[in-house]
Amino acid sequence: MKTLGLIALAGLIAVAGPGAASAQHAHGSGHAAHSAEAPASVRVGDLELSGAFTKAMLPGQPVGGGYLTIHNKGANNDRLVSASSPVADMVELHEMAMQGEVMRMRKLNDGIPVAAGATVELKPGGLHLMFMRVKEPFKAGGSVPLTLTFEKAGSVDLVLPVGAAGPAGHQHN
Ligand SMILES: [Cu+2]
């Protein structure tokens, strides 16, 4: 059930040229202090994807997180159903939440709903993409290709800039 990027290839990809990132989105998201280059926003169907980034990985760290904001500008509910990348064996959809005093993550087998009109933020400490069994650790200043597949909007290709490694907050279990 992969419709790899065909829709996106039809011209929906906003290539991230310098300055292509306009000020369409200025989320005041308090603590996500990453300093990667300003990401462009990408449109697929009714969805606008912006602020995508990942972080540098420490040597020996097998997994990496991916983050972005998804805004559904349409009248229909949609859902992020899967993600993939050539740099990882697989990319899972995860959620982090406090369980008592422990921050735990779990895999979201039913995907991530993006209701009509809603904005869903994948960010450190919350919903995120998890690159599993990454072949080569992400390095700051690099970039990571990613394909997202939505139930209705279809598939779209993104390139995530790699920011500096964050404080080690992301534990996998
Ligand atoms: Cu995770």
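The values are calculated or read from the model by the stated rules, or taken from the named source; none is laboratory data. Just so it is clear, the structure is predicted and the values come from calculations on it, not from any experiment. For neighbour counting, all protein chains shown are included, and Cβ atoms are generated from backbone atoms with ideal geometry for every residue, glycine included. Just so you know, the surface numbers come from the protein's heavy atoms only, side chains and all, with ligands and any DNA or RNA stripped out. Shrake-Rupley method; radii C 1.70, N 1.55, O 1.52, S 1.80 Å.
Can you confirm whether region 149-171 contains a residue that is within 19 Å of Ala83 (Cα to Cα), in a strand (DSSP E or B), without any contact (Cβ under 8 Å) to a residue 60 or more places away in the chain and among the polar types (S, T, N, Q)? There is no residue in region 149-171 that is within 19 Å of Ala83 (Cα to Cα), in a strand (DSSP E or B), without any contact (Cβ under 8 Å) to a residue 60 or more places away in the chain and among the polar types (S, T, N, Q).
Taking the numbered list (1) within 11 Å of the ligand (Cβ to nearest atom); (2) part of a strand (DSSP E or B); (3) at positive phi in turn, Gly125 passes all entries but (2). In region 130-143, the residues that are assigned to a loop (DSSP other than H, G, I, E, B) reach residues that are open to solvent by 80 Å² or more (accessible area, probe 1.4 Å) and of a type outside the set (Asp, Glu) with C-beta atoms within less than 9 angstrom, at least six apart or across chains, in these pairs: Lys135/Pro86; Pro137/Leu58; Pro137/Pro59.
In region 85-95, the condition of being on the phi < 0 side of the Ramachandran plot, away from the ligand (no atom under 16 Å from the Cβ) and of a type in the set (Gly, Ala, Ser) is met by no residue. Which ones in region 121-146 are open to solvent by less than 20 Å² (accessible area, probe 1.4 Å) and within 13 Å of the chain's Cα centre (by Cα)? If the condition is that a residue be open to solvent by less than 20 Å² (accessible area, probe 1.4 Å) and within 13 Å of the chain's Cα centre (by Cα), then Leu122, Gly126, His128, Leu129, Met130, Phe131, Val144, Leu146 are the ones that fit.
Go through region 107-119 and give me each residue that's surrounded by 12 or more Cβ atoms within 10 Å (Cβ to Cβ) and either of a type in the set (Ser, Thr, Tyr) or within 16 Å of the ligand (Cβ to nearest atom) (or both). Quick ask: steps written out before the conclusion?
Step one: list which residues in region 107-119 are surrounded by 12 or more Cβ atoms within 10 Å (Cβ to Cβ), which gives 108, 111-119.
Across region 107-119, the qualifying residues are Leu108, Gly111, Ile112, Thr119.
I'm trying to understand the selection: among the residues of region 89-107, which are closer than 15 Å to Tyr67 by Cβ and at pLDDT 95 or above? Once the filter is applied, which keeps residues that are closer than 15 Å to Tyr67 by Cβ and at pLDDT 95 or above, region 89-107 yields Val91, Glu92, Leu93, His94, Glu95.
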